[in-house]
Amino acid sequence: MRTRALSLRAAPTIAAAALFLAACSGPRPDLGFPGYVVSGTRTGSEPRGVVLTPDDEHLYLTHCSSSGYVYYMRTSDLSVEDSMFIAGSPYGATLTPGGDYLYLACTYGEGVAVLRTSDNSLREVIPVGHQPNRVLAAPDGRHVYVGYAGGPVTVISTDSNRVMDSIDVRGGNWGMDFSPDGQYLYVCSENDNSLAIVHRFKHLVVARVGALHGAYDVVAMPGGRYVYVSCPGLECVICVDITEGRIVAYIPLQGAPYCMAALPDGEYIYAAVGGDNAQGVAVIRTSDNTVVHRIPIDGWPTCMAVTSAGDRIYVVTYPSGLLVIGY
């Protein structure tokens, strides 16, 4: 492991890998989708965000503890190839479409750190609002959108790495996703129990879907008609027809869903379910909005990333784990 000296603090020692294979021991039925924990490792304390490189060969894993490390890991064996200290407790992470730059929301530093991925060097820190927690790069790479536990969404121009605009979505914007055509940004407004639909080029909220209690995360389907919103307050995932602005299905879960991820073809959604007695990942079949499988995991899931082939899902688990779901 190579440790990049971006600070005088020493990098933490990574504990020996602990594989969480009990959940998939014995015969495995062919589910037709990734449904078993196939590997895992212990990481530094308080891992929060994960993002895969475009070739799926590496990932970046953030830690929101005082150590503030970002790990650059090989996905084939979850080994750490590089470790960078980033001040301000990095939380959410996003890569520009070509994978050239990594943007990190530094929750307690009130900034967005920019790393050049060719050498994993810190290029600059962009001052933003109070406690940023989510970042999402636009499909064309021109902008990065920053979400907060409260306050508007901040828009950063990647050409200048400066804040160019803000969008009032009524606060509590944790989850964000783009429509397949990149024209609209969907933003969960947890405080307002709604989903804001933002015109990406006008930076205006053009519509809103309500009655989404505690709206936390959102994933858009490839066809462009439906989005799914996790609602911890209702202990369910809600399917919304975005073209008509109405709720079409409530999908109950055994616990509160938080982060979500969808397979590239949109056939299945993975919803991380938290709670003292409900840690796991529920698999939802979108053709009939039914929970078809549950994956018990070790720890509280905080973020997920799916490979471009849809054959693996990387799940960050609090307080100190990274799991891989596969076949």
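Tabulated values for the structure
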read-out: Options VAL219, VAL206, VAL227, VAL237: the member that is in the same structural domain as TYR268 (by TED's automatic domain parsing), among the hydrophobic types (A, V, I, L, M, F, W, C) and surrounded by fewer than 17 Cβ atoms within 10 Å (Cβ to Cβ); value: VAL206
read-out: Yes/no for ILE247 being surrounded by fewer than 20 Cβ atoms within 10 Å (Cβ to Cβ), part of a strand (DSSP E or B) and touching a residue at least 24 places away in the same chain (Cβ under 8 Å); value: yes
read-out: Residue count, segment 46-68 (criterion: surrounded by fewer than 19 Cβ atoms within 10 Å (Cβ to Cβ) and within 23 Å of ASP217 (Cβ to Cβ)); value: 4
read-out: Close pairs from segment 94-107: first more than 19 Å from TYR148 (Cβ to Cβ) and among the hydrophobic types (A, V, I, L, M, F, W, C), partner modelled with pLDDT of 95 or more and buried (at least 24 other Cβ atoms within 10 Å of the Cβ), Cβ under 9 Å, at least 6 apart; value: LEU95/TYR60; LEU95/LEU102; LEU95/TYR103; LEU102/TYR60; LEU102/VAL70; LEU102/ALA93; LEU102/ALA113; LEU102/LEU115
read-out: Filter result for the condition that a residue is over 20 Å from ARG312 (Cβ atoms), without any contact (Cβ under 8 Å) to a residue 40 or more places away in the chain, assigned by TED's automatic domain parsing to the domain that holds THR307 and not small (Gly, Ala, Ser), over HIS63, HIS58; value: HIS63
read-out: Matching residues, segment 209-244, being assigned to a strand (DSSP E or B) and either aliphatic (A, V, I, L, M) or at positive phi (or both); value: VAL209, VAL218, VAL219, ALA220, VAL227, VAL229, VAL237, ILE238, VAL240
read-out: Residues located in segment 69-91, provided they are crowded, with 20+ Cβ neighbours inside 10 Å, over 16 Å from ASP56 (Cβ atoms) and in contact (Cβ under 8 Å) with a residue 60 or more places away in the chain; value: SER83, MET84, PHE85, ILE86
read-out: Hits in segment 86-106 - residues which are assigned to a strand (DSSP E or B) and in contact with a Pro (Cβ under 6 Å, 6 or more places away or on another chain); value: LEU104, ALA105, CYS106
read-out: Verdict on TYR186 being modelled with pLDDT under 95 and among the aromatic types (Phe, Trp, Tyr); value: no
read-out: Answer residue from segment 279-324, given it is hydroxyl-bearing (Ser, Thr, Tyr) and part of a strand (DSSP E or B) and is farthest from LEU31 (Cα to Cα) among those; value: TYR318
read-out: Subset of segment 232-246 [β-branched (Val, Ile, Thr) and out of contact with any Leu (no Cβ under 8 Å at 6 or more places or on another chain)]; value: ILE242, THR243
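The values are calculated or read from the model by the stated rules, or taken from the named source; none is laboratory data. This one's a predicted model, so the numbers in the text were calculated from it and none came from an experiment. Don't worry about glycine lacking a Cβ; one is built from the backbone with ideal geometry, like all the others, and counts go over all protein chains shown.
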